[in-house]
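Shown next, in structure tokens, is the structure this report addresses.
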Amino acid sequence: MSIKYLPWQEAVWNRLAERREHLPHALLFHGRPGIGKLHLAEVLAQSLLCENRSNQGLACGTCAACAWFAAGNHPDYRLIQPEALAPQEEDAESAEVAEEGKKKASKQIKIEQIRALSDFLNVGSHRNGYRVVLIHPAESMNPGSANALLKSLEEPSAGMIFLLVSHQPSRLLATVRSRCHAVALSLPAREVSLRWLQEQGSHATAGELAFAGEAPLAAAALQDDEAETRRRLFELLGQPTVGALALAEFCQRIPPGPVVDWMLKWTYDLIALASSGTPRYNIEQGKKLSQLARTMPKAKLLRFYRVLCSMKAISEHPLNARLFFDDLFIAYKEMA
């Protein structure tokens, strides 16, 4: 099966297709999360490995190489990503045992994963074509793994193509960035995103797209039950009589990470309105946010936003989730 670039990626794809025979040995796809960077990198990877490409440079989807790529076992392709992003094929019983007996899957790309590429990098192509390594997200490499990759980027073997995908390229080592050709991907226009979402059978509205930062893939991934929980939380935030502990009680069964993300967007919009701007994320809550912004000094809002940024760093593994939420919402209520 062949995969095609997304509608808003056509111009970028055409530029890549024009340079197909003279591609740099390393490409760095970067941009906002949820706009299809990984998808485009996979389209390019399959195209490079395909043995019967179309005139547009797209993979045919029918040759042996495309069949291997679709099955995830092409001998000239390697996908490097954190353990936490790897597909889970365990059944319920083995998953329960794993949860009890093992540590959480790592969110970093480890040095061992990069070192394991050694044989692949030093052996010729199995199909007399390109060899491709896709690293996603590249910023999840720790300093050790990034330095281990650096030698291969500095002295690539013939026919070797590295595709790095990054949401935050500034977190990459400068030496890694300097050895990659940057491919910047931007947000599509809202009407393009909404049309694509509709074509995918998604019921995401313009408001949900805005909450996802105008990123269509992020909007498509929003869960209905999560949206309802978020809506109820925002209703409580808009009621001055609801105290900090009641807000913490409401959130105690929700993972802290998403709640901090919601609060960052809520507070960003309050700051925008306090600065005579307009909401960016919660466009359907404009009236409620405007009323709240009039009661909260801008200096306090900015201070609370900094508190949220600090809490974001520990939100994935707080020592006590209830105390975490108590601190968060007490700080929020102190702004009024």
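Odds and ends about this structure:
- For Tyr305, solvent-accessible area (1.4 Å; no DNA, RNA or ligand), Å²: 70 Å²
- For the chain, the longest principal axis of the C-alpha atoms and the axis of helix 190-199 are separated by about 70°.
- Gaussian network model of the chain, springs between alpha carbon atoms under 10 Å - residue of Arg171, Arg303, Arg127 with greatest fluctuation: Arg303
- Cα shape, the stretch 190-266, gyration tensor, a/c 1.5 rule: prolate
- Rounded FRET efficiency, nearest 0.05, which uses the C-beta distance separating Arg280 from Thr175 and R0 of 22 Å: 0.05
- Accessible area (Å², 1.4 Å probe, nearest 10) - Arg232: 110 Å²
- Taking the longest Cα principal axis of the chain as reference, the axis of helix 92-101 is set at about 80 degrees.
- Here the simple spin-label model places points 7 Å from the Cα toward Cβ, and for Arg32 and Val192 these points are separated by 1.2 nm.
- Cα gyration tensor category, rounded, prolate or oblate, for the stretch 193-336 with a/c compared to 1.5: oblate
- Net lengthening on full extension, Lys333/Lys298 (0.36 nm per residue, minus Cα-Cα): 11.2 nm
- Residues His126 and Arg253, FRET efficiency given R0 of 35 Å [Cβ-Cβ distance, rounded to 0.05]: 0.10
- Surface composition of the chain: carbon and sulfur make up 52 percent of the accessible area, probe 1.4 Å.
- Global geometry of the stretch 260-299, whether rounded, prolate or oblate, following the gyration tensor of its Cα atoms and the 1.5 cut on a/c: oblate
- Accessible solvent surface per residue of the chain, calculated while the other protein chains remain in place, 1.4 angstrom probe, Å²: 53 Å²
- Taking amide hydrogens as placed 1.01 Å from N in the peptide plane, the amide H of Val183 sits under 5 Å from those of Leu28, Phe29, His30, each at least 5 positions away in sequence or on another chain.
- A straight line joining the Cα centroids of the stretch 30-90 and the stretch 141-216 runs 14 Å.
- Estimated distance in nm for a label pair at His22 and Gln56, the labels positioned 7 Å out from Cα along Cα-to-Cβ: 2.5 nm
- Here the spin labels are modelled as points 7 Å beyond Cα on the Cα-Cβ line, and at Leu245 and Ala105 they lie 3.9 nm apart.
- Note on the chain: with a GNM built from Cα contacts shorter than 10 Å, the maximum mean-square fluctuation among Asn282, Asn128, Asn142 falls on Asn128.
- Given their separation in residues at 0.36 nm each and the Cα-Cα distance between them, Ala116 and His203 gain 27.1 nm when the chain is fully extended.
- Degrees separating the helix 224-237 axis from the principal Cα axis of the chain, which is the longest one: 30 degrees
- Most mobile listed residue (Thr267, Thr278, Thr241) in the chain, GNM with C-alpha springs under 10 Å: Thr241
- Once backbone amide H atoms are built at 1.01 Å from N, Met141 has Ile109 as its partners under 5 Å, excluding neighbours fewer than 5 places away on the same chain.
- Relative contact order (%) - the chain, alpha-carbon pairs under 8 angstrom, separation at least six: 18 percent
- The heavy atoms of Val123 offer some 80 square angstrom of accessible surface to a 1.4 angstrom probe.
The values are calculated or read from the model by the stated rules, or taken from the named source; none is laboratory data. Keep in mind that what you see is a predicted model, and the values were worked out from it rather than measured. All Cβ positions, even for glycine, are placed from backbone atoms using ideal geometry, and neighbour counts span all protein chains on display. To get the accessible areas, we keep the full protein, side chains included, count just its heavy atoms, and leave off ligands, DNA and RNA. Shrake-Rupley method; radii C 1.70, N 1.55, O 1.52, S 1.80 Å.
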